[in-house]
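J.: Structure provided below as structure tokens; questions to follow.
The values are calculated or read from the model by the stated rules, or taken from the named source; none is laboratory data. This is a predicted model, so every value here is computed, not measured. Cβ atoms come from the backbone with ideal geometry, glycine included; neighbour counts cover every protein chain shown. Side chains are part of the model used for accessible areas, which takes the heavy atoms of the whole protein and leaves out ligands, DNA and RNA. Shrake-Rupley method; radii C 1.70, N 1.55, O 1.52, S 1.80 Å.
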Amino acid sequence: MRHFIRAAGGAVLGLVALACGDGGFTPDPGVRTEDAEAVDLENLRILVSGQAAVFPEAVGRGAQTPSLSGMTLSVEEPLRVAVSDASATFATGTVAEDGTFRVTDVPVRDIHQGLGVGLAQDGFVRSTTLVYDTAFTGTRPRTDIVAARAWALPAAFVDQLGAAVGVPRLMGHTGTPTATLATAGFVLGRVVDLGGQPVSGARVALDRADLADRLYYPSEDLTSVSQTGTASHGLFLYVHSASGVESFKVSVEGQDAYVPRNVDTGPGLGVVLTVYPGRYAP
């Protein structure tokens, strides 16, 4: 079954639930659920829990890394966040002192493309980490999401990535000489293998050729970018136009094991995702 969205005036119009009834069939949720409890399929409210941390490459760079303890956390639909839809957030919580989070009663009946864990606090760029993608199942989650990882992006780290891209490129993509990577919006991804290790030399493919020139690969030391392929950290960076919402699918060139992933981004939003082979996150 195909479903469509229409974005207009900063709202998502005509959203349609992904699943048309249960039909006596419960699909594989696309995430590991051995330790998760079953949920009420009629009510469709789930638990989202896991660990929040500063993005690994940002640790130890520049000023002291801010603490995540007490940071506001939201379980949200990245697509709706990108279009500033008032119903983007399904539930909220806070990050505990040890970095863990646990958000209960997350209503997922009206999920369209996936779930993200959003983080926002002074000293960090507004970001959302994808923790559930309907690309794997074609439907909303049917069980709790456990052991999720949410990555926080310090503003100084994002500024460094923006400097690596450079003002001329940022201006070319946004049309605004004062645009920064943070204000433009971006996608920061990592390509990993079955064991969760970063893949060097990978090239990311988009299903929209008109956006391909916005893809960059940060250098080993994050001081420059190329359009050749990933360094040993496996990172890639997509620069948004600073206007409206852009939706596309991300895959890995020449690697059919990597399921094309849904990505939606808008101005001022950093989307973080890990691209891995198969259906389950390493």
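J.: Does LEU119 satisfy the criteria of being in contact with a helix residue (DSSP H, G or I) (Cβ under 8 Å, 6 or more places away or on another chain) and part of a strand (DSSP E or B)?
T.: no
J.: Further question: Of all residues in the stretch 220-241, which are under 17 Å from PRO168 (Cβ atoms) and touching a residue at least 24 places away in the same chain (Cβ under 8 Å)?
T.: Correct list: THR223, SER224, VAL225, LEU237, VAL239, HIS240, SER241.
J.: Against the definition (more than 16 Å from the chain's Cα centre (by Cα), at pLDDT 95 or above, over 13 Å from VAL48 (Cβ atoms) and open to solvent by 10 Å² or more (accessible area, probe 1.4 Å)), how does ALA96 come out, yes or no?
T.: yes
J.: Moving on to the next point. What residue, of ARG169, ARG80, ARG109, ARG149, is touching a Leu at 6+ places or on another chain (Cβ under 7 Å) and charged (D, E, K, R)? Give the steps one after another, and end with the answer.
T.: Details: ARG169 fails: touching a Leu at 6+ places or on another chain (Cβ under 7 Å); ARG80 fails: touching a Leu at 6+ places or on another chain (Cβ under 7 Å); ARG149 fails: touching a Leu at 6+ places or on another chain (Cβ under 7 Å).
None of the other options fit; the residue is ARG109.
J.: Still on this structure, please answer the following. Checking ASP159 against (1) more than 22 Å from ALA281 (Cα to Cα); (2) surrounded by fewer than 18 Cβ atoms within 10 Å (Cβ to Cβ); (3) within 15 Å of the chain's Cα centre (by Cα), which single condition isn't satisfied?
T.: (3)
J.: Given the stretch 176-282, what strands (runs of 3 or more DSSP E) lie entirely inside it while holding 1 or more residues that are open to solvent by 40 Å² or more (accessible area, probe 1.4 Å)?
T.: Answer list for the stretch 176-282: 246-252, 270-275.
J.: Tell me which of these ARG149 doesn't satisfy, since it passes every other one: (1) closer than 23 Å to ALA120 by Cα; (2) more than 19 Å from the chain's Cα centre (by Cα).
T.: Of everything listed in (1) closer than 23 Å to ALA120 by Cα; (2) more than 19 Å from the chain's Cα centre (by Cα), ARG149 misses just condition (2).
J.: Only one of (1) exposed (fewer than 13 other Cβ atoms within 10 Å of the Cβ); (2) modelled with pLDDT under 90; (3) farther than 20 Å from ILE145 by Cα; (4) out of contact with any Pro (no Cβ under 9 Å at 6 or more places or on another chain) fails for PRO56. Which number is that?
T.: Of the numbered conditions (1) exposed (fewer than 13 other Cβ atoms within 10 Å of the Cβ); (2) modelled with pLDDT under 90; (3) farther than 20 Å from ILE145 by Cα; (4) out of contact with any Pro (no Cβ under 9 Å at 6 or more places or on another chain), the odd one out for PRO56 is (2).
J.: Now a separate question. Pull up the stretch 63-80, narrow it to residues that are β-branched (Val, Ile, Thr) and at pLDDT below 95, then point me to the one that is nearest to ASP264 (Cα to Cα). I'd like the intermediate steps shown before the answer.
T.: Just the residues of the stretch 63-80 that are β-branched (Val, Ile, Thr), to begin with: 65, 72, 75.
The next check asks that each one be at pLDDT below 95; those that pass are 65, 72.
Working: THR65: 28, THR72: 22 Å.
By that ranking, first place goes to THR72.
J.: Could you list, in sequence order, all residues of the stretch 77-93 that are within 23 Å of ALA147 (Cα to Cα) and surrounded by fewer than 22 Cβ atoms within 10 Å (Cβ to Cβ)?
T.: Hits for the stretch 77-93 are ALA88, THR89, ALA91, THR92, GLY93.
J.: Do we find that LEU130 is buried (at least 23 other Cβ atoms within 10 Å of the Cβ), among the aliphatic types (A, V, I, L, M) and part of a helix (DSSP H, G or I) in this structure? Working first, answer last.
T.: Numbers: buried (at least 23 other Cβ atoms within 10 Å of the Cβ): yes; among the aliphatic types (A, V, I, L, M): yes; part of a helix (DSSP H, G or I): no.
So LEU130 does not fit the description; no.
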